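First the structure, in the form of structure tokens, and then the observations on it.
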Amino acid sequence: MRNPLYSAYERRLVRQLNRDAVPRHVGMIVDGNRRFAKARGRNADDGHRAGAANIASFLEWCEDAGVEVVTLWLLSTDNLTRPPEELDHLLRIIEGLVADLASAARWQLHSAGALELLPVQTAAALRRAEEETAGVDGLVVNVAVGYGGRQEISDAVRSLLRTRAAEGASLDEVAAELTAEDIGAHLYTKGQPDPDLVIRTSGEQRLSGFLLWQSAHSEYYFCEAYWPEFRRVDFLRALRAYADRHRRFGG
């Protein structure tokens, strides 16, 4: 049974939510699964499963608040160097998660990462989820798996160069005409608004390369809770902090 004081506090935060100052795009660094498990004497897989179980609830909170786009960082390129057994189990959990999210037919999923660095099975699961939800008119959810900020920028530049080369442009011509907007048009999140708010759980106060290009003007909110323990009140507090800052500094 939920604590009645907690429920009352949550309702109070909902009433205080400024609907005119809700971020359009929220980036979420879901951190702390392994530490959550370790603190309870459990293995890493248990922590990753607990983290996966919190994703759908978080997306529902975003919908209720009026957020339009969410980017979930589930696996970095650095994570690909984890011990093979742990990585394999984590990838299976992620595959199951994206399949469940897709089957809900509630959110439009997009893959955001270097799929070529992932096992064939994982990349196929991400592509399948994207295809199955392409026609869904709902919250846009970028699933960042095999994601690294530097990797994304290098992939974007590589894609830009290949596109311009196919159009017959020389390297000198590309260099002379290149703009930031040109690179932005080849990012994993092309066509989407940049994140207004980036949240990281687990108490770590660093971005670790998350959305390096897109977060130039983002607000950051760092939460002490491990991701599996992240609650709606924690999310509402992040939205309140975002709205307060916009009120003080004019957005």
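Checking Phe235 against (1) within 18 Å of Ala21 (Cα to Cα); (2) within 15 Å of the chain's Cα centre (by Cα); (3) open to solvent by 50 Å² or more (accessible area, probe 1.4 Å), only one condition comes out false. Which one?
Of everything listed in (1) within 18 Å of Ala21 (Cα to Cα); (2) within 15 Å of the chain's Cα centre (by Cα); (3) open to solvent by 50 Å² or more (accessible area, probe 1.4 Å), Phe235 misses just condition (3).
Please specify each residue of region 69-99 satisfying the condition of being assigned to a helix (DSSP H, G or I) and touching a helix residue (DSSP H, G or I) at 6+ places or on another chain (Cβ under 6 Å).
Residues satisfying the conditions are Glu86, His89, Leu90, Leu91, Ile93, Glu95, Leu97, Val98.
Which of the helices (runs of 4 or more DSSP H) contained wholly in region 11-68 include at least 3 residues that are among the basic types (Lys, Arg) and either in contact (Cβ under 8 Å) with a residue 40 or more places away in the chain or open to solvent by 50 Å² or more (accessible area, probe 1.4 Å) (or both)?
Where helices (runs of 4 or more DSSP H) fall fully within region 11-68 and carry at least 3 residues being among the basic types (Lys, Arg) and either in contact (Cβ under 8 Å) with a residue 40 or more places away in the chain or open to solvent by 50 Å² or more (accessible area, probe 1.4 Å) (or both), they are 33-39.
Counting only residues that are of a type in the set (A, V, I, L, M) and open to solvent by 10 Å² or more (accessible area, probe 1.4 Å), how many does region 70-89 have?
Qualifying residue count, region 70-89: 3.
Results for (1) β-branched (Val, Ile, Thr); (2) closer than 25 Å to Arg24 by Cα; (3) touching a Gly at 6+ places or on another chain (Cβ under 7 Å); (4) modelled with pLDDT of 95 or more, shown as yes or no for each residue.
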site	(1), (2), (3), (4)
Thr122	yes, no, no, yes
Ala134	no, yes, no, yes
Val140	yes, yes, no, yes
Val145	yes, yes, yes, yes
Leu178	no, no, no, yes
Pro193	no, yes, no, yes
Asp196	no, yes, no, yes
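Which count do you get for residues in region 100-130 that are part of a loop (DSSP other than H, G, I, E, B), touching a helix residue (DSSP H, G or I) at 6+ places or on another chain (Cβ under 7 Å) and not aliphatic (A, V, I, L, M)?
Final tally of qualifying residues: 2.
Arg247 - would you say it is surrounded by fewer than 22 Cβ atoms within 10 Å (Cβ to Cβ) and within 17 Å of Asn54 (Cα to Cα)?
no
Restricting the first residue to region 70-94 and requiring it to be closer than 28 Å to Pro195 by Cα, which pairs with a second residue that is among the basic types (Lys, Arg) meet a Cβ separation below 7 Å and a spacing of at least six or different chains?
Close Cβ pairs satisfying both conditions: Ile93/Arg49.
Tell me which residues, restricted to region 112-130, are surrounded by fewer than 22 Cβ atoms within 10 Å (Cβ to Cβ) and free of Cβ contacts under 8 Å to residues at least 40 places away in the same chain.
Hits for region 112-130 are Leu115, Glu116, Leu118, Pro119, Val120, Gln121, Ala123, Ala124, Arg127, Arg128, Glu130.
Only one of these conditions is not met by Ala169: (1) farther than 26 Å from Thr122 by Cα; (2) touching a Phe, Trp or Tyr at 6+ places or on another chain (Cβ under 8 Å). Which number is it?
(2)
The values are calculated or read from the model by the stated rules, or taken from the named source; none is laboratory data. Because the structure is a prediction, the values reported are computed rather than measured. No Cβ is skipped: glycine too gets one built from the backbone with ideal geometry, and neighbour counts run over all protein chains shown. The protein model used for the area step is the full one, side chains on, heavy atoms only, and it has no ligands, DNA or RNA in it. Shrake-Rupley method; radii C 1.70, N 1.55, O 1.52, S 1.80 Å.
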